[in-house]
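The values are calculated or read from the model by the stated rules, or taken from the named source; none is laboratory data. All values derive from a computational prediction rather than experimental measurement. Note: ideal-geometry Cβ built from the backbone for every residue, glycine included; neighbour counts use all protein chains shown.
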């Protein structure tokens with residue numbers, strides 16, 4: 001298990017627990033969405049961003065979209081690069097600002 005987490009960290013996936021991600025999201029929900037354009041991201045990257053911001057782990061996102069974990073990790077790295085962020089907390093904040101975590105968000 002430790003080896004798995006270390007490999008994820010080396011792949012650029014930060015060790016942030018879903019519980020911590022949820023607490024951070026709760027804190028930043030008070031700021032509300034700003035709906036800035038997310039045209040930098042592909043549809044799949046946006047979907048992955050939404051799920052990791054909700055606190056899902058790489059394996060859970062992979063299962064949800066029927067992808068390999070390595071593919072999800074690649075998407076996460078791409079999202080981080082394009083949005084100039086470096087961790088799940090920032091991803092959650094950005095997703096919230098884009099309105100990806102609201103019930104009104106429609107994928108596609």
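Which ones in region 10-21 are assigned to a helix (DSSP H, G or I) and either within 14 Å of residue 59 (Cα to Cα) or modelled with pLDDT of 75 or more (or both)?
Taking region 10-21 first, the residues assigned to a helix (DSSP H, G or I) are 10, 18-21.
10, 18, 19, 20, listed by residue number.
So in region 22-36, with the set limited to residues that are part of a helix (DSSP H, G or I) and under 11 Å from residue 93 (Cβ atoms), which one is modelled with the lowest pLDDT? First the steps, then the outcome.
Within region 22-36, the subset part of a helix (DSSP H, G or I) is 22-31.
Now drop any that are not under 11 Å from residue 93 (Cβ atoms), which leaves 24-25, 27-29, 31.
Numbers: 24: 74, 25: 72, 27: 70, 28: 67, 29: 69, 31: 59.
Going through the qualifying residues, I end up with 31.
Filter region 37-48 down to the residues that are surrounded by fewer than 11 Cβ atoms within 10 Å (Cβ to Cβ) and at pLDDT below 75, then identify the one that is farthest from residue 100 (Cα to Cα). Before the answer, list the steps.
Applying the first criterion (surrounded by fewer than 11 Cβ atoms within 10 Å (Cβ to Cβ)) to region 37-48 yields 37, 39, 43.
Imposing the further condition that a residue be at pLDDT below 75 reduces the set to 37, 39.
Numbers: 37: 12, 39: 13 Å.
Across region 37-48, the extreme among qualifying residues is 39.
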